[in-house]
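Enquirer: If you scroll down you'll find the structure; I have some questions about it.
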Amino acid sequence: MKLVYKMGITLGVVVFLVAGMGIAGGVSILWMRRNAVELEKVNKHSAMIEDLRAKTRQWVTSAESVITGEGSRDFFHFSTLLLEERLSSLLTQTIPGDEMKLLEVVSTRFYKARPLLEGLLAKGENPQKNEEVIAKVDQYVREISRNVEVLVSSYRIHAERVTARVNKTEDIGKCVSLAVPSTTILLSILLVMTMGRTVISSVGTLVSATRTMAGGDLSKPIGLKTGDEFGEIANAFEEMRKELRQKEQKLEQLSLTDALTGLFNRRYLGVKLEEEIARAKRFHHLLSVVFIDIDNFKKYNDRYG
């Protein structure tokens, strides 16, 4: 069950990583979508403000012609309607605070100058007789023109900052979109490979140990300690190997010693003699063998058995 538990954990981690990849991808898409909407809104407002400047210049021209007494009623009313429509539409937009304040100033000055200019057109008198009114109108027109130019410049800076930020976040989003799936796939592959290598290594160690034992070599211990089912099998094999090794050593001792006296027998002499002859040849040493016969040893055997 421990191995199954490990495999279940590995599978769970892989599923978690895949789910994380999906969530990260979804967040990245939403992030990029939000940036696209924000950039689209900024571009829209930039176009509206540029159009406001064009309509303001047209209106200022018509207002100046009214001040000098050379204005056309139709041209003034037409430019006034266009500027009023653009101001109204901009005032309903979500424009940043500083730019909105400038827009409100322009609107206030416009609605103050408009009735004065219409009064000049309605009276049809010589403008020189309305110097006080003309001075106010001229001041309003200049303020409107100046504030619109400041508004255009200010919003351009704002638009450039937003564009730069959006481009930066899009680059980050693209990097995340590429990095998260790649990392997830790599980690999943590494987890599966690690689990697979653990199983394969454990099976290989058990097979190798079994073959070694089957070949008669009981001296090598089974060094597999994984803490799972393979480890339990390895522990069982190790206990069996130790038991067989002890029996083998005991049988070897019985085959080389005399059961009565415990001394080495003739078989041990043959084995040991072959080893010493081989060692003498290898190191070019002399080898001596001494045979000793004990006289009247039969009496000792007869007495002690």
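Enquirer: Check the stretch 255-267 and report whether any residue there is assigned to a helix (DSSP H, G or I) and either open to solvent by less than 70 Å² (accessible area, probe 1.4 Å) or modelled with pLDDT under 75 (or both).
Expert: Residues of the stretch 255-267 assigned to a helix (DSSP H, G or I): 255-256, 266-267.
From the residues that got through so far, the ones that are either open to solvent by less than 70 Å² (accessible area, probe 1.4 Å) or modelled with pLDDT under 75 (or both) too are 255-256.
Yes, the stretch 255-267 contains at least one residue that is assigned to a helix (DSSP H, G or I) and either open to solvent by less than 70 Å² (accessible area, probe 1.4 Å) or modelled with pLDDT under 75 (or both).
Enquirer: Something else: Starting from the stretch 145-162, keep only residues that are touching a residue at least 12 places away in the same chain (Cβ under 8 Å) and under 17 Å from Glu104 (Cβ atoms), then list their pairs with residues that are of a type in the set (Ser, Thr, Tyr) and surrounded by 14 or more Cβ atoms within 10 Å (Cβ to Cβ) whose Cβ atoms are within a distance under 8 Å, requiring at least 6 positions of separation or different chains.
Expert: If the second residue must be of a type in the set (Ser, Thr, Tyr) and surrounded by 14 or more Cβ atoms within 10 Å (Cβ to Cβ), the pairs left are Ser145/Thr56; Val148/Thr56; Tyr155/Ser46.
Enquirer: So which residues in the stretch 90-118 are open to solvent by less than 70 Å² (accessible area, probe 1.4 Å) and among the charged types (D, E, K, R), if there are any at all?
Expert: Across the stretch 90-118, the qualifying residues are Glu99, Arg109, Arg114, Glu118.
Enquirer: Give me the pairs, please: first residue somewhere in the stretch 245-267 and under 17 Å from Asn301 (Cβ atoms), second residue anywhere and part of a helix (DSSP H, G or I) and open to solvent by less than 100 Å² (accessible area, probe 1.4 Å), beta-carbon distance under 8 Å, and either six or more positions apart or on two chains.
Expert: The qualifying pairs are Asn265/Leu256.
Enquirer: Let me ask something else. Based on this model, can you work out whether Lys225 counts as surrounded by 10 or more Cβ atoms within 10 Å (Cβ to Cβ), in contact with a helix residue (DSSP H, G or I) (Cβ under 8 Å, 6 or more places away or on another chain) and modelled with pLDDT under 80? Lay out the reasoning, then the answer.
Expert: Values: surrounded by 10 or more Cβ atoms within 10 Å (Cβ to Cβ): yes; in contact with a helix residue (DSSP H, G or I) (Cβ under 8 Å, 6 or more places away or on another chain): yes; modelled with pLDDT under 80: yes.
Considered against the rule, which asks whether it is surrounded by 10 or more Cβ atoms within 10 Å (Cβ to Cβ), in contact with a helix residue (DSSP H, G or I) (Cβ under 8 Å, 6 or more places away or on another chain) and modelled with pLDDT under 80, Lys225 comes out as yes.
The values are calculated or read from the model by the stated rules, or taken from the named source; none is laboratory data. Since we're looking at a predicted model, the values are computed, not measured. All Cβ positions, glycine included, derive from the backbone under ideal geometry; neighbour counts span all protein chains shown. What goes into the accessible areas is simple: the full protein's heavy atoms, side chains included, and nothing from ligands, DNA or RNA. Shrake-Rupley method; radii C 1.70, N 1.55, O 1.52, S 1.80 Å.
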